[in-house]
Amino acid sequence: SRFQPSSSPNCLFCSYANEDLHHLFLSCPTKWNVWSEAFQALLFQIHLTPNLLQSFLRFLRMPTDPSLHTTIWILCSCTLQAIWRFHWQQVIHDVPFHTPRII
């Protein structure tokens, strides 16, 4: 059967009223859980907050410790890609968006 996208602008995962790009990748509680778990598993020394993540992704601001910069960039890139991939797996193929599977 052909994929028929939902005509609803609401988030499939949390029913938030307007799924914009910020919500799709960062502010949806389901997606935020992925970010939180990924940083906790791989960069536990950084206490991730929504504002800190936004400063990494939108403003390209990094912590003062240069030894973490490459790791943060790789983790952010891979997490963005995983969220995108598994978001659409859920939407198109009805594959559950399950954080442990994503990380």
- Item | Highest-MSF residue in the chain out of I83, I72, I46 [GNM, Cα springs under 10 Å] | I46
- Message: Above 19 Å lies some portion of the pair distances; for the chain, what is it as a whole percent of all C-alpha pairs?
- Response: 44 percent
- So for R0 = 30 Å, FRET eff. of S15-L52 from the Cβ-Cβ r, to 0.05, ends up at 0.70
- Message: What are the ³J(HN,Hα) couplings of the range 64-77, residue after residue, when phi is run through the Karplus curve with 6.51, -1.76, 1.60 and θ = phi - 60°? Round to Hz, x for glycine and proline.
- Response: 5, 7, x, 5, 8, 4, 4, 4, 5, 4, 5, 4, 5, 4
- Would you kindly state the longest site-free stretch of the chain, with sites defined as chymotrypsin sites (Phe, Trp or Tyr not before Pro) in a DSSP loop (not H, G, I, E, B) surrounded by at most 14 other Cβ atoms within 10 Å? 60-103
- Quick one: compute the contact order of the chain, relative version, from alpha carbon pairs under 8 angstrom and 6+ residues apart, as a percent. 26 percent
- Task: Distance from a point 7 Å along Cα→Cβ of A41 to each backbone N in the range 58-87: keep the residues under 12 Å and list them by number.
- Result: 79, 82-83
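Computed from the coordinates by the stated procedures, all read-outs in this text should not be read as laboratory data. Note that the structure is predicted; figures quoted are calculated from it, not measured. Methodologically, a virtual Cβ is constructed for each residue, glycine included, from the backbone with ideal geometry; neighbour enumeration extends over all protein chains shown.
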